[in-house]
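Any read-out appearing in this document is the output of simple, stated calculations on the displayed coordinates, not a laboratory observation. Note that this is a predicted model, so its numbers are computed, not measured. Heads up, the Cβs are rebuilt from the backbone with ideal geometry, glycines too, and the neighbour counts pull from every protein chain shown.
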Amino acid sequence: MKRVLFGGIGVVVLLAAIVLVRTLNFTPDAPSTAEPVNFDIDRDTVARHMSEAIKFETVSKQKPSRPNPEPFEGFIGWLESAYPEAHEKMTRTLLDYTILLEWKGSDPTAQPVLLTGHYDVVPVIPGTESLWKQPPYSGNIVDGYVWGRGALDDKGGVVAIMEAATLLLKQGFTPKQTVYLSFGHDEEVSGLDGAGAVASHLRENGVQLAWSLDEGSFVLEGLIPGIDKPVASINVAEKGYVTLQLIAKAAGGHSSVPPGRTAVGELAQAIVDLQNAPLPGGLDGVSGEMYDTLGRHMSFSQRMAFANQWLFGGMIDATITRIPAGNAMMRTTIAPTMLSGSIKENVLPIRAVATVNFRIHPRDTVASVIEHVRTAIDNDTIEIKQLGGNEASKVADTGSASYAALEMTARQVFSDVIVTPGLTVAATDSRHYSTVADNAYRFNPMLVKPEDMATFHGTNERISVDNLVRATSFYAQLLINVNGR
Ligand SMILES: [Zn+2]
């Protein structure tokens with residue numbers, strides 16, 4: 001008995017020692033030294049350009065209605081007059097209203113790269129105009145901010161890329177590799193005619209990009225639980241998308257004599273069964289890399305958990321799952337969004353339909369999601385109908401020279417920052433660009449805080465002039481850092 005007891009204590013002590021040693025070794029890598037950037041950027045000019053860009057109401061409405069061409073043509077003309085150096089040096093191709101600029105590199109054998117953003121914006125929700133502290137298309141510059149729809153998503157990125165190119169051109173810089181700049185006009189409604197057309201155009205011209213950099217995540221401050229430092233999330237993949245209709249059928253008839261089984265009842269059960277069967281999560285792939293980086297910066301107890309996933313994996317999974325943003329990062333999500341049944345209160349429906357939107361983690365596919373749904377609802381009488389969809393993107397390499405350059409540049413511009421790979425949970429133009437790029441990265445070099453989050457597609461969107469200057473520095477320094485690599 002004694003021997004068993006001592007044996008048991010011995011095992012516990014050994015396990016505790018393993019947990020402790022692993023925790024103590026689970027620390028951030030020492031950051032390589034990063035020379036801070038020091039460009040001579042005229043804040044007033046950058047702010048004025050941003051303000052002018054916002055004034056064009058380049059609104060993307062749901063298809064099939066074509067956009068009102070006037071503001072788009074206006075924006076294209078404005079870009080040319082605001083950035084004459086770039087337009088003189090680069091070759092411009094217009095694909096519908098999307099602008100593609102080609103900045104020829106000095107070395108034709110070097111693989112080209114792409115910096116990109118979009119200049120279309122989502123509409124201001126009718127009736128909310130009066131809630132804006134500055135009118136949404138005013139571009140007013142107040143207290144160090146430029147106000148208006150599209151400031152953060154994503155005209156700020158477009159302006160900063162053009163400012164950076166102009167800055168380098170004025171310094172006489174010529175890139176070794178050809179640099180493409182593209183500015184989409186329909187990102188908010190699929191990007192097919194814009195980014196999709198740019199990708200086709202490049203493919204037809206035999207161009208395969210070394211990398212592309214598009215909007216995606218930001219430098220997040222105060223947004224990741226347990227982490228005080230700002231986090232530059234360089235997103236290396238983007239989730240896929242599929243919408244399924246679950247269709248239950250029944251005989252119908254008068255509601256005064258309902259049968260035991262109704263279409264609505266069957267459908268409701270199917271939705272409950274589906275929600276009770278989440279797709280597998282787990283800290284593998286992109287999610288794993290991200291938490292491996294972030295976990296090292298957390299408190300002792302959190303580090304202990306992340307460093308010992310062999311022991312605490314289930315607990316971590318359950319904890320992250322409870323946070324919607326964490327859950328979305330870790331697995332394919334299930335979102336029932338629309339329901340329909342009978343047309344009248346006293347008529348039993350012959351058809352009840354639920355529409356469910358899924359955002360697909362890179363480890364899953366459209367086919368595997370449909371299979372999961374079929375198994376989860378386990379009801380042959382319910383038809384599953386697919387409405388469009390696309391697979392998750394491929395995952396860009398975090399061991400590449402371009403990722404290293406992005407990481408270094410982020411450190412140079414944002415100094416004490418944690419750089420981590422991340423996953424874009426919504427859809428962006430990069431799903432098109434990634435088809436012609438060895439590696440597609442998604443990152444806006446701007447600092448955002450919790451109070452900024454509601455302004456994306458919401459009310460009181462604005463960008464600080466500090467952020468415009470940081471982003472301009474970032475793009476310029478990035479092109480210097482990757483030059484010839
Ligand atoms: Zn956007």
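Here the 3J(HN,Hα) profile of the stretch 291-297, calculated from phi with Karplus coefficients 6.51, -1.76 and 1.60 at θ = phi - 60°, is 5, 5, 6, 5, x, 5, 9 Hz, Gly and Pro shown as x. In the chain, helical runs assigned H by DSSP with n ≥ 4 each contribute -39500 (n - 2.57); averaged across all residues and rounded to the nearest 500, the mean residue ellipticity at 222 nm is -12000 deg cm²/dmol.
Note that the stretch 21-38 has calculated 3J(HN,Hα) couplings of 4, 4, 5, 5, 7, 8, 10, x, 5, 5, x, 5, 5, 10, 5, x, 7, 8 Hz, one per residue in order, obtained from phi through the Karplus relation 6.51 cos²θ - 1.76 cosθ + 1.60 (θ = phi - 60°); glycine and proline are x. Give, in nm to one decimal, the length gained when the segment between residue 68 and residue 192 is fully stretched (0.36 nm per residue of separation minus the Cα-Cα distance). Using 0.36 nm per residue and subtracting the Cα-Cα distance, I get 42.9 nm. By the count of neighbouring beta-carbon atoms within 10 Å, fewest first, 409, 337, 178 end up ordered 337, 178, 409. Of the two radii for the stretch 273-339, the radius of gyration is 1.03 times the Kirkwood radius, both from the alpha carbons; that is the Rg over Rh value.
On alpha carbon coordinates alone, what is the Rg over Rh value for the stretch 122-178, Rh being the Kirkwood radius? Let's see the in-between values first.
Values: Rg = 16.1 Å, Rh = 13.7 Å.
Radius of gyration relative to Kirkwood radius: 1.18.
For the stretch 240-390, taking the reciprocal of the average inverse distance between every pair of different Cα atoms yields a Kirkwood hydrodynamic radius of 17.4 Å. Computed packing ranks the peptides 324-336, 208-220 as 208-220, 324-336, most packed first, by mean other Cβ atoms within 10 Å.
Between residue 315 and residue 276, the distance separating the two model label sites (each 7 Å from Cα on the Cα→Cβ line) works out to 2.8 nm. Projected onto their three principal axes, the Cα atoms of the stretch 28-116 cover extents of 52, 36, 33 Å, largest first. Taking all C-alpha pairs of the stretch 30-182, those more than 18 Å from each other amount to 63 percent.
Among the chymotrypsin sites (Phe, Trp or Tyr not before Pro) within the stretch 97-201, which fall in a DSSP loop and have no more than 14 other Cβ atoms within 10 Å of their own Cβ? Could you put the intermediate results ahead of the total?
Working: sites: 97, 103, 119, 132, 137, 145, 147, 173, 180, 183; in loops: 97, 119, 132, 137, 173.
The qualifying sites are 173.
Taking the square roots of 5 times each eigenvalue of the Cα gyration tensor of the chain, largest first, gives ellipsoid semi-axes of 41, 34, 21 Å.
Annotation: extensible slack from residue 42 through residue 451 equals 144.5 nm (criterion: 0.36 nm per residue apart, minus Cα-Cα distance). Summary value for the stretch 240-390: 46 percent relative contact order, contacts being C-alpha pairs under 8 angstrom separated by 6+ residues. Students often get this wrong: which residues of the stretch 68-110 have the backbone nitrogen under 12 Å from the point 7 angstrom along Cα-to-C-beta of residue 200? Of the residues in the stretch 68-110, 95-96 have backbone N under 12 Å from the label point off residue 200.
With viscosity set to 1.306 mPa s at 10 °C, what whole-number translational diffusion coefficient in µm²/s follows for the stretch 147-288 from Stokes-Einstein and a Kirkwood radius over Cα pairs?
On the way: Rh = 21.1 Å.
Translational diffusion coefficient: 75 µm²/s.
Distances between placed amide hydrogens fall under 5 Å for residue 439 paired with 211, 212, all partners being 5 or more residues away or on another chain.
Among 255, 402, 301, which comes first, second and so on when ranked by fewest other beta-carbon atoms within 10 Å? Intermediate values should be presented prior to the final figure.
Numbers: 255 14, 402 24, 301 9.
So the ranking, lowest neighbour count to highest, is 301, 255, 402.
Among the trypsin sites (Lys or Arg not before Pro) in the stretch 333-386, those located in a DSSP loop and surrounded by at most 14 other Cβ atoms within 10 Å of their own Cβ are 344. Checked against a 27 Å cut-off, the cross-linked pairs 55/176; 176/449; 155/449; 55/133; 155/385; 170/229 give Cα-Cα distances beyond that limit for 55/176; 176/449; 155/385; 170/229.
Pairwise Cα distances in the stretch 77-143 exceed 13 Å in 78 percent of cases.
For the stretch 240-298, which trypsin sites (Lys or Arg not before Pro) pass both filters: DSSP loop (anything but H, G, I, E, B) and at most 15 other C-beta atoms within 10 Å?
Sites meeting the loop and neighbour criteria: 261.
Which distance in Å, rounded to a whole number, links the C-alpha centroids of the stretch 269-283 and the stretch 376-424? That distance is 21 Å.
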